[in-house]
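Some notes on the structure that comes next.
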Amino acid sequence: MPELTRRRDHEQRRPQKITFGEMRSTGVRGILIYCSDYKCSHSIALGADQWPDHVRLSDLEARFVCKRCGKRGADVRPDFHWNKPPVAAMGYR
């Protein structure tokens with residue numbers, strides 16, 4: 001039987017996502033960040049130019065802290081509408 005190793009909770013639950021370089025190669029230059037607390041559901045859109053190409057979106061998820069509720073951890077996704085103006089009825093878009 002293989003030996004089990006302890007990992008941090010975010011490493012066990014978070015799948016590995018694409019790199020910023022892979023995301024940019026599709027023409028996407030922004031990311032959406034969602035609070036990991038489903039009760040809070042705070043979100044923000046950011047430009048992705050500040051991170052190098054080799055970094056994965058999933059590498060950043062544990063580093064974010066929600067400014068609304070204070071919970072650490074986030075869901076980071078590509079923002080396919082990064083170059084469009086925000087729509088008032090939907091918050092960030």
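Since every read-out is calculated from the coordinates, none of them should be taken as a lab result. Note that this is a predicted model, so its numbers are computed, not measured. Every residue, glycine as well, gets a Cβ built from its backbone with ideal geometry; the counts of neighbours run over all protein chains shown.
Listed values, structure above:
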{"read-out": "Net length gained if the chain between Ala45 and Ile18 were fully extended (0.36 nm per residue, minus Cα distance)", "value": "8.0 nm"}
{"read-out": "Amide H within-cut-off set for Ala48, under 5 Å, with H built and near neighbours excluded", "value": "Gly30, Ile31"}
{"read-out": "Built amide H within the under 5 Å cut-off of Val55, gap 5+", "value": "Phe20, Gly21"}
{"read-out": "HN-Hα J in Hz across the stretch 18-32 - Karplus 6.51, -1.76, 1.60, θ = phi - 60°, x for Gly and Pro", "value": "5, 8, 5, x, 5, 5, 5, 5, 8, x, 8, 10, x, 10, 10"}
{"read-out": "Calculated from backbone phi, Karplus (6.51, -1.76, 1.60) coupling profile of the stretch 45-54 in Hz, x at Gly/Pro", "value": "9, 10, x, 9, 5, 7, 9, x, 4, 7"}
{"read-out": "The stretch 28-69: chymotrypsin sites (Phe, Trp or Tyr not before Pro) in DSSP coil with no more than 10 other Cβ atoms inside 10 Å", "value": "Tyr38"}
{"read-out": "Karplus (6.51, -1.76, 1.60) ³J(HN,Hα), θ = phi - 60°, over the stretch 59-65, in Hz, Gly and Pro reported as x", "value": "5, 8, 4, 6, 7, 7, 10"}
